[in-house]
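Here is the structure we will look at, set down as structure tokens.
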Amino acid sequence: MKLTAQEEYGLRCLLQVARRAPSDAPVPASIRDVAEAEGLSPDYAAKLLRVLRQSGMLDSERGATGGYRLARPPEQIPLHDVLNALDAPLYGGEFCQTHGGQRGECVHHQAGCALKPVWGAVEDAIAEVLGRVTVADLLSGEDAVRERVTPPLSTSSASTSSAAPDGPAMTAIVPDTALGGRHG
């Protein structure tokens with residue numbers, strides 16, 4: 001699984017605006033400054049910033065001295081919302097129907113889609129982690145983000161073990177949220 005270029009560059013542009021023009025900044029961050037800081041063309045940066053404005057994360061100001069600033073404090077902007085604004089979720093309920101190959105429909109739907117709960121659990125786990133991280137965390141640096149994304153080991157997590165046919169047993173800690181899933 002990969003982030004799209006739009007997600008990566010859009011997030012980086014949002015962080016540039018957050019550094020230069022938080023919601024209470026008197027002067028907005030210009031498209032030219034954001035583009036230059038990220039090594040992007042001004043047109044591409046403008047496109048990404050427009051998507052973020054349309055999703056309610058940025059406010060814009062027109063004119064020669066115009067630009068963008070955060071629409072709300074960085075603590076109130078979760079990474080999950082940013083990435084969803086920039087691109088579609090990894091998995092949606094209609095995923096199987098849109099990946100039916102030449103038949104145009106899910107070919108294993110008669111017996112129930114065995115892939116659906118897998119992709120749903122992956123999406124839920126990603127959403128849970130991305131929902132814990134805010135723009136403010138990203139501005140605080142790597143250690144702050146690591147604290148937010150590393151779940152504490154607890155007794156409420158389920159531990160599962162399995163052995164590979166020719167290898168040692170492997171143990172995985174599965175967060176409670178991944179077990180219930182929205183497709184369960």
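Excluding ARG50 itself, calculate the net charge of residues whose Cβ lies under 14 Å from the Cβ of ARG50, where each Lys or Arg counts +1 and each Asp or Glu counts -1. Please report the intermediate quantities before stating the final value.
Details: positive: LYS47, ARG53, ARG62; negative: ASP43, ASP59, GLU61.
Combined, the nearby Lys, Arg, Asp and Glu give 0.
Pulled fully out, how much extra length does the chain show between THR65 and GLU128, if you take 0.36 nm times their separation in residues and subtract their Cα-Cα distance?
Numbers: separation 63, 0.36 × 63 = 22.68 nm, distance 3.87 nm.
Using 0.36 nm per residue and subtracting the Cα-Cα distance, I get 18.8 nm.
List, largest first, the extents of the alpha carbons of the stretch 1-76 along their principal axes, each in whole Å.
39, 27, 20
Tell me, THR65, THR134 in order of fewest to most beta-carbon neighbours within 10 Å?
On the way: THR65 9, THR134 22.
Taking fewest neighbouring Cβ atoms as first place, the list is THR65, THR134.
Would you give the gap between the C-alpha center of the stretch 1-25 and the C-alpha center of the stretch 110-139, rounded to a whole Å?
So the separation of the two Cα centres works out to 21 Å.
Computed from the coordinates by the stated procedures, all read-outs in this text should not be read as laboratory data. Just so it is clear, the structure is predicted and the values come from calculations on it, not from any experiment. Note that each Cβ is placed from the backbone with ideal geometry, even for glycine, and that neighbours are counted across all protein chains shown.
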